[in-house]
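Below: one structure, written as structure tokens.
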Amino acid sequence: MLDLGFVRGNLPLVEEKLRQRGADPSAVLKNFAEVDARRREAITEAETLKARRNALSEEVGKIKKAGGDASAQMEETRLLKEKTEQLESAAQVADAELRTLLEGIPNLPHESVPVGTSADDNKVEKTWGEIPKFDFTPKPHWELGEELGILDFERAAKISGARFAVYWADGARLERALANFMLDLHTREHGYTEVLPPFMVNSNSLFGTGQLPKFADDLFFCKDETGYTPGVYRENDHWLIPTAEVPVTNLYRDETLEASRLPISYCAWTPCFRSEAGSYGKDVRGIIRQHQFQKVELVKFSKPEDSYEEHEKLTRAAETVLERLGLPYRRMLLCTGDMGFSSAKTYDLEVWLPGQNVYREISSCSNFEAFQARRANIRYRPAGAKKSEPVHTLNGSGLAVGRTWLAVLENYQQADGSVKIPAALQPYMNGETVLRKREMK
């Protein structure tokens, strides 16, 4: 969420940044200026009437002490009290309207973000690795997985429906190996602390990281006694997490951190659950877009002046996974029209998939600046400062395990249908070097 004072004092800039995002400022800001003026006017008038009441109270006291009649002054005081209460109520109504408007304003793009309208305007920052060359036609992962007997869509559909998968034998082991490899790499080499959070969160948590209220349709709500009411954020309802970003970021909701602790870096393996609302017809083959998938998430809490340096470090940590696995990728700087609601700057890492002859996103690494911290009330106290201020939060996939799984299959496939196991994963696969065909159970 943006700071009220910043939006009030920089409306033309906010409007321009919204246009850069492809949004209509009048549709997002609506009657912000009018509501803000109404709120401030009510507050100012209420303060003026309070001052008048205080003066009258002193006057009443003096009149009574002198034995005089203060009934006129007392009546005026009563009327002023009623009027003040009406003004304070009006200010509270306007304040709630302003907060609702602020909640709907996306984060403003950082100055280094290229202006554009779609993914076509994203900027290639770097490429890494050699695109593999095959003397046969490479297959997509859904064919490889089923032929190897390690991936089963038919039984998954029987027990859960579309957009689910069952991993068999070496397929399941490979998924687990990838998660363990990523966690070990980030904790041992990149200085992250591993945390295992709950896989269900409440509405307050989803509001804090920006998924609610705007993206409720993308989430799975657990039917509690109360149900979900838009705009009402509870501590006693439950949603399945769309990403570990939500519970890990909210670890410090409503807390003030000491500056000496920053930056704080956490990594977490969790399943992720997404309804994929609006995506039907897209990526229907394979495991690119699932209702349930696993991910290793990287989350940072940083001082504002350090957050962009930490953003680069976080992105490099995610890139290292791909490099250790020998998977070709490119880093994309997302343009203003392709960024997420809460992000100020995002890099997407896209891995090469020879079976589909395309680069696919495998990680998004974002700096949210103070946007999430204001919503979740996560603050820190700068050294020597009397007042606390919002931290900067960052997160990125380090990596999406399922998409890494399929990238390994497609990049390391052999002519006989087997798949080589990258050297970095072999210790996690009991020393196996090749995935070979086995009968589906």
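The values are calculated or read from the model by the stated rules, or taken from the named source; none is laboratory data. Since this is a predicted model, take the numbers as computed values, not measurements. Cβ coordinates were reconstructed from backbone atoms using ideal geometry, including for glycine residues, and neighbour counts include every protein chain displayed. For the accessible areas, the whole protein counts, side chains as well, though only heavy atoms, and no ligand, DNA or RNA atoms are used. Shrake-Rupley method; radii C 1.70, N 1.55, O 1.52, S 1.80 Å.
Solvent exposure of segment 181-222, expressed per residue, is 45 Å² of accessible area, with all protein chains present and a 1.4 angstrom probe.
Taken about its Cα centre, segment 40-90 carries a charge dipole of roughly 220 debye when the Cβ of each Lys and Arg holds +1 and the Cβ of each Asp and Glu holds -1.
Would you be so kind as to identify which of Ala119, Ile131, Pro109 lies farthest towards the positive end of the dipole of segment 86-137, taking Lys and Arg as +1 and Asp and Glu as -1 on Cβ and the Cα centre as origin? Of the listed residues, the answer is Ile131.
In plain terms, the chain from Thr48 to Val28 could stretch by 3.9 nm, reckoned as 0.36 nm per residue minus the Cα-Cα distance.
Here the 3J(HN,Hα) profile of segment 369-374, calculated from phi with Karplus coefficients 6.51, -1.76 and 1.60 at θ = phi - 60°, is 6, 8, 4, 6, 4, 5 Hz, Gly and Pro shown as x.
R0 = 22 Å: FRET efficiency of Val124 with Arg19, Cβ-based, nearest 0.05? Step by step, r from the Cβ atoms, then E = 0.35.
Sorted by average packing, counted as other Cβ atoms within 10 angstrom per residue and highest first, what order do 355-364, 312-321 take? Could the numbers behind the result be given before it?
Details: 355-364: 19.0, 312-321: 21.1.
Listed from highest to lowest mean packing, they are 312-321, 355-364.
For the cross-link pairs Lys123/Lys345; Lys126/Lys300; Lys133/Lys420; Lys282/Lys345; Lys126/Lys313, the ones whose C-alpha atoms lie over 18 Å apart are Lys126/Lys300; Lys282/Lys345. For the pair segment 270-331 / segment 41-98, the C-alpha centres are spaced 57 Å from each other.
Take each peptide in 330-342, 204-216, count the other Cβ atoms within 10 Å of every residue, and average; sorted highest first, the result is 204-216, 330-342.
Based on Cα coordinates alone, diagonalise the gyration tensor for segment 358-441, multiply each eigenvalue by 5, take square roots, and list the semi-axes in whole Å, largest first. Kindly include the intermediate steps, with their values, before the conclusion.
On the way: eigenvalues 413, 40, 22 Å².
Here the semi-axes work out to 45, 14, 11 Å.
Compactness ratio for segment 190-295: Cα radius of gyration over 2.2 N^0.38 Å (N = residue count) comes to 1.18.
Given N residues in segment 60-173, what is its alpha carbon radius of gyration divided by 2.2 N^0.38 Å?
2.69
Taking segment 121-237 on its own, what percent of its Cα-Cα pair distances exceed 20 Å? Numbers along the way, then the final one.
Details: 4786 of 6786 pairs.
Distances greater than 20 Å cover 71 percent of the Cα pairs.
For the chain, the carbon plus sulfur part of the accessible surface works out to 49%, probe radius 1.4 Å.
Note on the chain: helix-only mean residue ellipticity at 222 nm, from DSSP H runs of 4+ residues weighted -39500 (n - 2.57) and normalised by residue number, equals -12000 deg cm²/dmol. Applying a DSSP loop filter and a limit of 11 other Cβ atoms within 10 Å to the trypsin sites (Lys or Arg not before Pro) in segment 68-169 leaves Lys133. Dipole size of the chain about its Cα centre, with +1 on Lys/Arg Cβ and -1 on Asp/Glu Cβ: approximately 420 debye, rounded to the nearest 20. Projecting label points 7 angstrom from Cα along Cα→Cβ for Thr193 and Asp224 puts them 2.7 nm apart.
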